[in-house]
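A short worksheet on the structure shown next.
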Amino acid sequence: MIKSILKSALLGTACAMASFSIAPATANAEVPLEVYAELARTASVRVSPDGKHVAMISPHNGAKKIFIYDLIDPNAKTIVIPTPKNSIIKYIDWASSDHVVMLARFPRANQRRGARKYKNLVSRWVSTNIQTRSSVVLLDDKINVGAKTRGQTGGGTSRDSGGGFSHNLPNDPSHVQMSWGEYSGKPYLRHLKVNLDTGKSSLLRSLPIDTGSVLQSVDGATIYARSEYSSRTGKYSVLAPNADGRFTEIWTKTYDPLTGVEGGLYGVTDDKSKAIFADVTTERLTLTTIDLSTGAQAPYNLDLSEVPSGADYSPINDSVTGEIVGVSYVSDFGGQIFFNAPYKAWHRKAKKTFPGKHVSILSRSEDNSKVTLHVSSPNDAGEFFLFEPKQGQISSLGKSYPELRSSDLANTMRADFSARDGMRIPAYLMLPAGKTKADGPFSLIAMPHGGPQARDTASFDFWSQFLTSRGYAVFKPQFRGSAGFGRAHIMAGRGEFGGKMLDDTVDGVQHLIDTGVVNPDKICVNGASYGGYQAMALPVHSPDMFKCALSVAGVSDLPRMFKFTVDTSGRTSGTVKYWNQVMGDRHEEKDKLDMQSPAQHVDKIKAAMLLVHGENDVTVPFEQTEFMSKALKKAGRSDYKIMTLVADDHHLSHAKSRRELLQASEEFFAKYLK
């Protein structure tokens with residue numbers, strides 16, 4: 001049965017929404033812009049190991065905060081953990097029943113030589129004791145005292161990275177295990193035992209710096225297997241300890257150094273005698289086992305028939321022990337497959353309770369009495385639930401966008417098409433709520449995704465849903481190079497960053513014109529990151545197709561983007577190797593990069609342009625938008641505008657930024673598409 005929302009969660013929702021009170025839209029009324037602009041009202045819901053509390057991220061006064069609700073005492077006061085000053089929360093979890101940890105990013109001057117002119121964000125893990133309300137930065141003794149890293153000189157400098165979580169240490173509620181790369185002298189990957197109340201650390205073990213995955217016992221005391229990878233040779237190795245505790249190489253595979261590792265260790269079998277390895281070079285999810293004594297490989301017997309061909313997938317790790325319990329995959333809506341007994345039963349029960357919806361298991365308590373779920377569907381923006389298996393009860397913990405009804409949401413459908421060279425390109429088409437293709441032709445906003453090795457789904461997206469709520473159709477092409485549609489689809493995008501990827505978007509729009517869905521005189525383009533590049537490049541590529549273009553954090557000059565990447569990550573970094581493949585070689589194909597840089601060809605553009613960029617973007621530097629703006633100004637163009645999102649990063653992390661973007665886009669598109 002499903003019962004009403006817990007009283008404690010009701011109180012918390014009221015607190016979280018104190019600065020954001022909007023009445024739901026009445027029938028046929030336009031949903032207010034602020035509904036879409038605000039951050040998700042409920043996100044990242046996790047139950048504590050002892051089952052007494054639930055933590056979630058909710059917006060308050062325009063910023064993300066962590067809210068802790070008491071599941072035992074409904075009258076207990078809600079605990080609110082604020083965002084550290086000038087930071088953005090990226091992730092939360094329970095490190096113990098008394099400690100919540102968050103990954104926060106802070107702005108700081110770039111210390112890498114040659115990159116000091118660029119903005120930088122540093123990551124820090126912050127632990128908060130919910131009993132004492134005190135917070136500390138984990139590994140603070142390593143981060144700020146005598147640290148020496150690549151690109152830095154002298155002692156006392158501050159690391160960009162705050163380390164990584166490698167084990168919860170469930171048998172030691174006062175500590176967690178974290179990984180830390182040390183490069184002074186001979187480089188090592190350290191596993192450190194870190195106190196959750198002081199942030200201080202002590203050494204547990206040292207491993208070679210090339211170590212990748214590490215498969216450990218539940219208590220963190222034993223390593224069953226680990227991997228190593230050489231970016232120079234492409235050799236990937238699986239190593240296991242022998243009788244004297246030394247690691248021996250038991251299995252190897254060689255990858256192309258340009259593409260990097262295309263697979264990895266997921267976990268170990270129940271008897272701990274075999275490692276589970278995932279091969280991502282195959283069109284279908286393929287798991288095999290590697291015997292830790294002999295290195296013998298065998299198929300892992302798991303029914304994966306429901307996973308679509310080419311889908312992206314990743315392991316699901318138990319929220320308490322860290323052990324692998326299943327596999328999640330991304331398709332039009334995504335899914336989960338479990339091979340751990342209680343998870344199988346929980347998932348089956350939840351899917352029966354919510355037929356036709358996508359159900360994800362997020363976390364559990366140690367005694368399995370409480371489980372958190374996320375439930376969504378094409379016409380549902382998503383809701384979080386507390387599942388109590390023993391009582392058979394499922395209680396709502398909050399919706400992501402409670403003001404939106406299913407009737408407010410756009411209909412998302414597949415709109416696959418054939419590109420000019422015959423390649424089949426997947427795509428999504430979103431029509432305004434209640435509309436069908438027969439109601440066309442529509443004004444269209446083409447919305448290429450970022451990445452570019454990423455993908456869209458049919459799940460809720462605040463930006464595209466807002467645009468359809470204003471009467472526009474939204475087209476999302478999954479151009480070649482997009483992930484999640486098979487390896488061949490990804491590899492077809494190599495070297496086509498400014499070539500056939502753009503052709504695909506244009507061909508998809510033309511298909512919608514030819515089939516009568518879209519008005520050819522009312523088309524604009526809108527995108528962020530790589531999608532922002534397409535928003536600037538498509539008006540150069542096909543100047544007569546697009547009336548306007550909105551670019552968020554887009555790349556305008558490819559050679560300068562390469563320079564930024566080299567300056568910030570190093571000439572031999574994996575990032576530089578990736579862009580050499582996707583964009584083109586920065587040395588041998590410089591003419592091609594110049595030709596495909598929109599800032600160098602603004603004379604061809606007929607579309608009006610709105611250029612938007614986060615001030616603290618460290619993925620695509622703000623200067624990329626400045627280059628485009630200066631080029632347009634030099635060309636004597638007056639139909640463009642540049643807008644800065646103050647103190648925001650690459651991901652529209654602030655509600656204020658979302659509101660400014662949606663307000664500007666509403667006015668901008670209305671001018672050219674209404």
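The values are calculated or read from the model by the stated rules, or taken from the named source; none is laboratory data. Just so you know, these numbers come straight off a predicted model, no measurement behind them. Reconstructed Cβ throughout: ideal geometry from the backbone, glycine too, with neighbour counts over all protein chains shown. What goes into the accessible areas is simple: the full protein's heavy atoms, side chains included, and nothing from ligands, DNA or RNA. Shrake-Rupley method; radii C 1.70, N 1.55, O 1.52, S 1.80 Å.
Please work out whether region 385-534 counts as rounded, prolate or oblate from its C-alpha gyration tensor, where a ≥ b ≥ c are the square roots of the eigenvalues and a/c under 1.5 means rounded, while otherwise a/b larger than b/c means prolate and anything else oblate?
oblate
On a straight-distance basis, which aspartates and glutamates could pair with Lys349 in a cross-link, Cα separation under 13 angstrom, same-chain partners fewer than 8 positions away excluded?
Straight-line reach from Lys349, under 13 Å: Glu388.
On full extension of the chain, what length is gained from Asn144 through Lys200, given 0.36 nm per residue of separation minus the C-alpha to C-alpha distance?
Result for the pair: 19.0 nm of gain on full extension.
Which order do the peptides 654-667, 614-627, 292-305 take when ranked by the mean count of other beta-carbon atoms within 10 Å per residue, highest first?
The peptides rank, most packed first, as 614-627, 654-667, 292-305.
Taking 1 over the mean of 1/r across every pair of different Cα atoms in region 522-674, what Kirkwood radius in Å do you get?
Its Kirkwood hydrodynamic radius stands at 15.7 Å.
Using only the Cα atoms of region 220-292, build the gyration tensor, take square roots of its eigenvalues as a ≥ b ≥ c, and label the shape rounded, prolate or oblate: rounded if a/c is under 1.5, else prolate if a/b is larger than b/c, else oblate.
The shape class here is oblate.
What FRET efficiency comes out for the pair Ser638/Asp514, r = Cβ-Cβ distance, R0 = 45 Å, nearest 0.05?
The pair Ser638/Asp514 has a calculated efficiency of 0.85.
Tell me the net charge near Pro402. Cut-off is 12 Å between Cβ atoms, Pro402 excluded, with +1 for each Lys or Arg and -1 for each Asp or Glu.
Net local charge, Pro402 excluded: -2.
Relative contact order for region 366-477: what is it in percent, counting Cα pairs under 8 Å that are at least 6 residues apart?
23
Which semi-axes, in whole Å and largest first, does the equivalent ellipsoid of region 287-397 have when worked out from the alpha carbon gyration tensor as the square roots of 5 times its eigenvalues?
In descending order, the three semi-axes are 27, 19, 11 Å.
How do the peptides 529-535, 285-291, 257-263 rank, highest first, by the average count of neighbouring beta carbon atoms within 10 Å per residue?
My ranking of the peptides, most packed first, is 529-535, 285-291, 257-263.
May I ask you to derive the FRET efficiency for Lys590 and Asn171 from their Cβ-Cβ distance with R0 = 35 Å, giving the value to the nearest 0.05?
Calculated value: 0.05.
Quote the convex hull volume per residue of region 367-412, based on C-alpha atoms, as a whole number of Å³.
Cα-based convex hull of region 367-412, divided per residue, equals 72 Å³.
When you count, for each residue, the other Cβ atoms within 10 Å and take the mean per peptide, how do 171-178, 54-61, 198-205 rank with the highest first?
54-61, 171-178, 198-205
Defining a contact as two alpha carbons under 8 Å apart and six or more residues distant in sequence, what relative contact order in percent does the chain show?
Value for the chain: 10 percent.
What full-extension length gain, to one decimal in nm, is calculated for Arg405 and Ser273 as 0.36 nm per residue of separation minus the Cα-Cα distance?
42.5 nm
Amide H to amide H under 5 Å from Leu397: which residues, 5+ apart in sequence or cross-chain, H placed 1.01 Å off N in plane?
HN-HN under 5 Å from Leu397: Phe384, Phe385, Leu386.
I'd like the carbon and sulfur percentage of the solvent accessible area for the chain, probe radius 1.4 Å, heavy atoms only, ligands and nucleic acids excluded.
49
Roughly how much of Lys577 is accessible, in Å² to the nearest 10, using a 1.4 Å probe?
Accessible area of Lys577: about 50 Å².
Figure the gain on full extension for Ala647 and Tyr91 (residue separation times 0.36 nm, minus the Cα-Cα span) and round it to one decimal in nm.
198.3 nm
Work out from phi, with θ = phi - 60° and the Karplus expression 6.51 cos²θ - 1.76 cosθ + 1.60, the ³J(HN,Hα) of each residue of region 442-451, listed in order in whole Hz, and give x for Gly and Pro.
9, 6, 10, 10, 6, 10, x, 7, x, x
Is the C-alpha gyration tensor of region 559-620 telling us rounded, prolate or oblate? Criteria: a/c under 1.5 is rounded; beyond that, a/b larger than b/c is prolate, otherwise oblate.
Oblate, since a/c reaches 1.5 and b/c is not below a/b.
Using a 1.4 Å probe, what is the accessible area per residue for region 630-671, in Å²?
54
Would you give the gap between the C-alpha center of region 636-674 and the C-alpha center of region 294-319, rounded to a whole Å?
Centre-to-centre distance over Cα atoms comes out at 42 Å.
Please give the per residue accessible area of region 359-508, computed with a probe of 1.4 Å over protein heavy atoms only, in Å².
Computed with neighbouring chains in place, this is 30 Å² per residue.
Please compute the modelled spin-label separation between Val137 and Ser231, points set 7 Å along Cα→Cβ, answer in nm with one decimal.
Those two pseudo-labels are separated by 2.5 nm.
Can you pull a Stokes-Einstein diffusion coefficient for the chain at 37 °C (0.692 mPa s), Rh from Kirkwood over Cα pairs, as a whole number of µm²/s?
Translational diffusion coefficient: 123 µm²/s.
At a probe size of 1.4 Å, how large is the accessible area of Asp649, to the nearest 10 Å²?
The accessible area comes out at roughly 10 Å².
Report, by chain and number, residues whose modeled amide H sits under 5 Å from the one on Tyr266, excluding near sequence neighbours (fewer than 5 apart, same chain).
Ile276, Phe277, Ala278
Going through region 381-464, which chymotrypsin sites (Phe, Trp or Tyr not before Pro) have at most 12 other Cβ atoms within 10 Å and a DSSP loop state?
none
Mind listing the long-range amide H neighbours of Gly484? Cut-off is under 5 Å, sequence gap 5 or more, other chains count too, H placed in the peptide plane at 1.01 Å from N.
Asp312
Largest first, what is the accessible-area ranking of Asp318, Asp461 with a 1.4 Å probe?
Asp461, Asp318
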